[in-house]
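FYI, it's all coordinate maths here, none of it is from the lab. As the structure is a computational prediction, the values presented were derived from the model and not from experiment. When we count neighbours, we look across all protein chains shown, and the Cβ atoms used for this are built from the backbone with ideal geometry, even at glycine.
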Amino acid sequence: MKRFNNFRRLLRAAAVVTVVAAMTFAGCTKVDDTLGSNLVPDNQQMKAGYQTFGALTLTGDLNPRRYVETRLYQTDSLITSNLTYGYMGSMLSDTFGLRTAGFLTQYVPYEIDSGYFGFRPILDSAIILLSISSYGSDTLTSQEYNVYEVVSNKYLTEKPVESGKSERDTTFYLNFDPVAEGVYNPDEPLFTFTLGGEGKYPSTTSAVTLEPTEAGKKYIRRLMLQEGTYKGDYSIYSLDSLEQWVAEFKGLYIVPAVDQTTPNKGNIYATSLDASGFAIYGRNRLESDPTLIADTISIPYIFYDSSVDYGNVSVNTIRHDYSKATSPQRFDIADAVETNENRPLSKQVYVEGMGGVVTAITFDKPFFDALEAEIVARETGIDADTAARLVKLAQAARNLKSHGLSEGTSTRLVVYAAQLILRGIAPRAACRTAMVRPITDDADIRETLDHAIDAIFA
């Protein structure tokens, strides 16, 4: 019972969140960069920096050149299961179209003693506790959410591996479709709730009232052991029965009730699953006189508990609909899909989170020429113009590999030539000594490269 003490305190704290705390979040913008980042080891995190390459001709005049090619890229290989966060919400961008997120989660009950619910318990209320860790820019637009019962565990237990065989699986990707998998019945929500809106800004810990449907009321009666397979059987609330628990109460699926339809409106929230869950509150009656109330009751259910072996599966669902974009900067998603081997060049550079469209950058040959010249200049101290000329000569030699030259000119030979020049050797002589004579004794190739030296250092 101790393992839920903190969660129960969170429930109590969330119930008294003040308007002042909520107003702190009004109009704020945060960037959610968490989906996938926790899978990258710290020592493999990308370090970013930049180097400016001079776009100059050999005479020093400005000569703009293209160093990179940019193409749009989208993949569905991102793992969305068993993450720290559950994502939910709907956003409509005039550039990226519609993005809708929901999450499926199992949950773990609080261990209770036999008879805890008492005689003919009454449901007073149900709340969902959301420990919101990040969100988008629009908290002013109200969004309604549906909470569904997970009605099938086949998505976990029946992953085909070969003909006639299947295995248990808890790893799922962006292409996971809960409708196709038969996970829930989209026509029968258990509860609804609302986040956002004027005067209803979400706080870091938000306790939101759940509005039960008739199906939801029946579901709570099952949780209170008044109906269903475990009617009156408190063994299901034992920590030793969690495998049976997830077989009976398979989980919940939380998703926006409708897609956002107003351009550049909507929001997606990330809630910490280990500090989120739901709770039911009620009263029970005196068995001797059912008209009298005996006691108040409450019980929390947590979405993730690291101390147990069952009940911790979660899957995020992310849906993109780029056809909803209206901006002139919109794009055709067919140009970005992974299976398109002929993705066209894109003049627009996009970076979209949550498995969306990003920009693949391909470095052109001029970039590597400029990079090599930068290396030569930094290592030797020679001026940039001479370094560029030396690299141009090296490229001329490398182009002869298919015409009888067995080995091209390495960057190290370019460095040797630069060092000779700095020591007072004439550039043409330095190039012949360091860059041509070491790589070939073929008279015709030497003559060709000597002509190139004369042209480059004219």
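Brief remarks follow.
- Rounded to the nearest Hz, the phi-derived 3J(HN,Hα) couplings of the range 84-100 under the Karplus curve 6.51 cos²θ - 1.76 cosθ + 1.60 (θ = phi - 60°) are 5, 10, x, 9, 8, x, 9, 10, 10, 9, 5, 9, 9, x, 8, 10, 10, where x marks glycine and proline.
- Between Tyr173 and Ser114, the contour length at 0.36 nm per residue exceeds the Cα-Cα span by 17.2 nm.
- Using θ = phi - 60° in the Karplus curve 6.51 cos²θ - 1.76 cosθ + 1.60, the 3J(HN,Hα) couplings for the range 336-344 round to 10, 5, 4, 6, 7, 6, 10, 4, x Hz; x is entered for Gly and Pro.
- Extension reserve of the Lys401-Thr261 stretch, reckoned as 0.36 nm per residue once the Cα distance is removed: 44.5 nm
- Proximity of backbone amide H atoms, modeled 1.01 Å from N, is registered between Ile122 and Arg283, Asn284 at under 5 Å, excluding neighbours fewer than 5 places apart on the same chain.
- Think of each Lys and Arg Cβ as +1 and each Asp and Glu Cβ as -1; about the Cα centre, that makes the dipole of the range 246-353 roughly 500 debye.
- Sorting 221-231, 407-417 by their mean Cβ neighbour count within 10 Å, with the most densely packed peptide first, gives 407-417, 221-231.
- Count Lys and Arg as plus one, Asp and Glu as minus one, and take only other residues whose Cβ is under 11 Å from that of Ala336; the net charge is then -2.
- Amide H contacts under 5 Å for Thr409, placed H, 5+ residues apart: Arg398
- Modelled label positions at Ser152 and Arg437, each set 7 Å beyond Cα in the direction of Cβ, lie 7.9 nm from each other.
- Residues whose amide H comes within less than 5 Å of that of Ser327, counting only those at least five positions distant or on another chain, are Thr95 (H built at 1.01 Å from N in the peptide plane).
- Cross-link table Lys218/Lys324; Lys154/Lys218; Lys324/Lys347; Lys217/Lys250; Lys218/Lys250; Lys217/Lys265, entries beyond 26 Å C-alpha to C-alpha: Lys218/Lys324; Lys217/Lys265
- Taking the convex hull of Cα positions in the range 362-406, its mean projected area over all directions (nm²): 3.7
- In sequence order, calculated HN-Hα J values of the range 302-314 (Karplus, 6.51, -1.76, 1.60; Hz; x Gly/Pro): 10, 6, 8, 9, 5, 7, 10, 9, 10, x, 10, 6, 9
- Extension gain, Ala215 back to Thr291 (0.36 nm per residue minus Cα-Cα distance, nm): 24.8 nm
- Other residues within the sphere of radius under 10 Å centred on the Cβ of Ser93, judged by their own Cβ, net out at +2 (K and R +1, D and E -1).
- Derived from the Cα gyration tensor, the three semi-axes of the equivalent ellipsoid of the range 365-456 are 20, 15, 10 Å, largest first.
- Anisotropy class of the range 176-322 from Cα gyration tensor, a/c 1.5 cut: prolate
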